[in-house]
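What follows is a short report on a single structure.
The values are calculated or read from the model by the stated rules, or taken from the named source; none is laboratory data. For clarity, every value in this text was computed on a predicted model and none was experimentally measured. Ideal geometry is used to build each Cβ from the backbone, glycine not excepted, and the neighbour counts take in all protein chains shown. Remember, those area values only see protein heavy atoms, side chains included, never the ligands or the DNA or RNA. Shrake-Rupley method; radii C 1.70, N 1.55, O 1.52, S 1.80 Å.
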Amino acid sequence: MQADVLLTDLNMPEMNGLELAKVIHEKYPDLQTILLTIQEDDQHIQQAFQHGIKSYLFKTAGEKEVLFAIRQVAEGQPYLCAGLSDRVIKKIAIPQGANTKAEGIEFSERELEALQLIAAGFTNEETADKMFTSKRTVEGYRQAMIEKTGSKNSLALIAFAMRHGLLT
């Protein structure tokens, strides 16, 4: 029996995931490779796809996202993890210089994504599903933003975001 999909890590002792992906791509072109990593920099991402990987997944990806990626790749479709696709979309869709700061407070892209969903009325669990992350992570984003802004609760956080143009 031959495998259809290989899930590998970027950092391994003998050969890193990029080198392995290149060898697999050359010797076994029908074997699809998913790279699992914590590396978010553009150079690693670009090299990975140049070496033949079909999917780039963060180690923080939830079970649903990992299974979805495996299915996509098994069907011959590339897959870019939610965290990266969100970043790509924002680079394309959000004008340069768009507001990610308010009163000297900087928000991460994931915090802003969570904020958009929270403001749209989604629960922490629904937001987590849409972001391919855990409910606990969303709760962490919400709490971090409340603390950064000095807001008393989620409603005050949304009001802050609206006053400062953080919601689109």
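Quick notes on this structure:
- Working note: Debye formula, equal point scatterers on the alpha-carbon atoms of the range 1-88, no solvent; log10 I(q)/I(0) at q = 0.17, 0.20 Å⁻¹ is -0.63, -0.88.
- Remark: the range 121-137, residue by residue, has Karplus-estimated 3J(HN,Hα) of x, 6, 6, 4, 5, 5, 4, 4, 4, 5, 9, 6, 9, 8, 4, 4, 5 Hz, where x stands for each Gly or Pro and the curve is 6.51 cos²θ - 1.76 cosθ + 1.60 at θ = phi - 60°.
- Distance violations [Cα-Cα > 26 Å] among Lys27/Lys54; Lys27/Lys64; Lys59/Lys130; Lys54/Lys148; Lys22/Lys59: Lys27/Lys64; Lys54/Lys148
- Per residue, the average separation of C-alpha pairs within less than 8 Å and at least 6 apart gives the range 1-78 a relative contact order of 31 percent.
- Near the amide H of Tyr79, within less than 5 Å, lie the amide hydrogens of Ser55, Tyr56, all on another chain or at least 5 residues away, with H placed in the peptide plane.
- Modelled spin labels at Asp30 and Glu106, positioned 7 Å past Cα toward Cβ, are 4.9 nm from each other.
- Amide hydrogen proximity for Val5: with H placed 1.01 Å from N in the peptide plane, the residues at 5 or more positions away or on another chain lying under 5 Å are Gln32.
- Based on alpha-carbon atoms, the Kirkwood radius and the radius of gyration of the chain give Rg/Rh equal to 1.06.
- Fully extending the segment from Ala159 to Arg136 would add 6.0 nm, taking 0.36 nm per residue of separation and subtracting the current Cα-Cα distance.
- Dipole magnitude of the chain, debye to nearest 20 (Cβ charges: Lys/Arg +1, Asp/Glu -1, about Cα centre): 500 debye
- Taken one residue at a time, the phi angles of the range 144-153 give Karplus couplings (6.51, -1.76, 1.60, θ = phi - 60°) of 4, 5, 4, 5, 4, 8, x, 6, 8, 7 Hz. Gly and Pro are set to x.
- Among the GluC sites (Glu not before Pro) found in the range 99-164, those both in a DSSP coil and sparsely packed, with 12 or fewer other Cβ atoms within 10 Å of their Cβ, are Glu103.
- Percent carbon-and-sulfur accessible area, the chain, ignoring ligands, DNA and RNA, probe 1.4 Å: 53 percent
- Positive-end ranking of Ala159, Thr137, Gln32 along the dipole of the chain, with charges on Cβ about the Cα centre, is headed by Ala159.
- Secondary structure note: in the chain, about 15% of the DSSP beta bridges are antiparallel.
- J(HN,Hα) series, the range 38-44, from Karplus relation 6.51 cos²θ - 1.76 cosθ + 1.60, nearest Hz, glycine and proline x: 9, 6, 10, 6, 4, 4, 5
- Surface per residue (accessible, 1.4 Å probe) for the chain, Å²: 61 Å²
- Ala144-Ile38 FRET efficiency (beta carbon distance; Förster radius 25 Å; 0.05 resolution): 0.80
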